[in-house]
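What follows draws every value from the coordinates through simple rules; no lab data is involved. Only a predicted model underlies this, so the values are computations on that prediction, with no experimental measurement involved.
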């Protein structure tokens, strides 16, 4: 994730420079891809800076993250992200979760016509992946597979920063198996 701070997705020149340095480091470390999202003051895609960052990434896949879901016009935002050269868009379809935004995600996939990958994310679990795939026709999905734990608990989770947030290894296994079955019915 190329992001110098939390908060809005409008960045100062100094923050944009820091982001460029982070991309250069990722390129040096041979990272396969980066995720970023840059908006203008009206929450439209900042096409100039996003395009510059894609060029700066020089062959690294660039995913435009869920800042996309803050844009006022998803169709215009889609075309801007495509024009920037990003390889995919992570989106919940302008809704809190991808399941709630399934219709918008399906519309984006149709409008994209294979020019970019639409990557549904937010709230995706093994319990809803098949239905989301059916509704959207997406071929890639993003899930954090997070679960809540109590401090000191162990089991099928790996702690992730905060003891109350953890990654559920069993959920990841279920998602992988389900994704495999969706690709090879």
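Using only the alpha carbons of region 1-79, determine the length spanned along each of the three principal axes and report them from longest to shortest in whole angstroms.
Here the spans come out as 36, 24, 19 Å, largest first.
Let me see the P(r) profile for the chain: every Cα-Cα distance counted, bins of 5 Å, each bin given as a percent of all pairs.
1, 8, 15, 17, 18, 16, 14, 7, 2, 0
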